[in-house]
Amino acid sequence: MKPKPKERFPIIQELSNTYPIALLCQLAGVSRSGYYRWVNRQGIVTEKQKENEQIKQMILECHQKVNRIYGYYRVKAWIKRNYGKTVNHKRVYRLMKELGIQAKIRRKKPKYKAGKENIVASNV
């Protein structure tokens, strides 16, 4: 699988001391302007990134309190119930993947049917 452009930019930055950036960008299949845009964004924290960090803290708190059994959809409901913050379930899913958190899959209890009493016919 091909690495994404975001993953290629740090490699270009490492090799930029020995090779020209234009050549590296061409070999990596990314635009030079995209690379420079990425370089200028380094170190700048956006509002969305700050909000994602807050949500990550909420997810970690939920994960610890409920003994790691909630999946992303129940975590979303937990955040809404405890913090009053509406968060999309896809965003919670993505942030849980970044944190490496998964729901603990519990084993289902077996279902038993109440058996009928056997009727034995008399030997006539």
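The values are calculated or read from the model by the stated rules, or taken from the named source; none is laboratory data. Quick caveat, the model's predicted, so the values are computed rather than measured. Cβ placement follows ideal geometry from the backbone for every residue including glycine, while neighbour counts extend to all protein chains displayed.
Kindly evaluate R107 against the criterion of being assigned to a loop (DSSP other than H, G, I, E, B) and within 17 Å of the chain's Cα centre (by Cα).
Details: assigned to a loop (DSSP other than H, G, I, E, B): yes; within 17 Å of the chain's Cα centre (by Cα): no.
For R107, the condition - assigned to a loop (DSSP other than H, G, I, E, B) and within 17 Å of the chain's Cα centre (by Cα) - is not met.
Among the listed residues V45, V30, identify the single one that is surrounded by 11 or more Cβ atoms within 10 Å (Cβ to Cβ) and β-branched (V, I, T).
Working: V45 fails: surrounded by 11 or more Cβ atoms within 10 Å (Cβ to Cβ).
Exactly one of V45, V30 is surrounded by 11 or more Cβ atoms within 10 Å (Cβ to Cβ) and β-branched (V, I, T), namely V30.
Kindly evaluate Y35 against the criterion of being at pLDDT below 95, within 27 Å of E7 (Cβ to Cβ), aromatic (F, W, Y) and surrounded by 11 or more Cβ atoms within 10 Å (Cβ to Cβ). Even if it seems obvious, please write down each step before you answer.
Numbers: at pLDDT below 95: yes; within 27 Å of E7 (Cβ to Cβ): yes; aromatic (F, W, Y): yes; surrounded by 11 or more Cβ atoms within 10 Å (Cβ to Cβ): yes.
So Y35 passes the test.
Working only within the stretch 63-99, note down all residues that are assigned to a loop (DSSP other than H, G, I, E, B) and either farther than 15 Å from N52 by Cα or in contact with a Ser or Thr (Cβ under 8 Å, 6 or more places away or on another chain) (or both).
The initial filter retains those residues of the stretch 63-99 that are assigned to a loop (DSSP other than H, G, I, E, B), namely 66-71, 84-88.
Within the stretch 63-99, V66, N67, R68, I69, Y70, G71, G84 meet the criteria.
For (1) of a type in the set (A, V, I, L, M); (2) assigned by TED's automatic domain parsing to the domain that holds P10; (3) exposed (fewer than 14 other Cβ atoms within 10 Å of the Cβ), each residue gets a yes or a no:
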position: C62; (1), (2), (3): no, no, no
position: A77; (1), (2), (3): yes, no, no
position: V92; (1), (2), (3): yes, no, no
position: R107; (1), (2), (3): no, no, yes
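Taking Q54 and the conditions (1) in contact (Cβ under 8 Å) with a residue 24 or more places away in the chain; (2) surrounded by 10 or more Cβ atoms within 10 Å (Cβ to Cβ), which numbered condition does it fall short on, given that it satisfies the others?
Of (1) in contact (Cβ under 8 Å) with a residue 24 or more places away in the chain; (2) surrounded by 10 or more Cβ atoms within 10 Å (Cβ to Cβ), only one is false for Q54: (1).
Can P3 be described as of a type outside the set (V, I, T) and either under 25 Å from V92 (Cα atoms) or more than 27 Å from the chain's Cα centre (by Cα) (or both)? Spell out how you get there, then give the answer.
Values: of a type outside the set (V, I, T): yes; either under 25 Å from V92 (Cα atoms) or more than 27 Å from the chain's Cα centre (by Cα) (or both): yes.
It is true that P3 is of a type outside the set (V, I, T) and either under 25 Å from V92 (Cα atoms) or more than 27 Å from the chain's Cα centre (by Cα) (or both).
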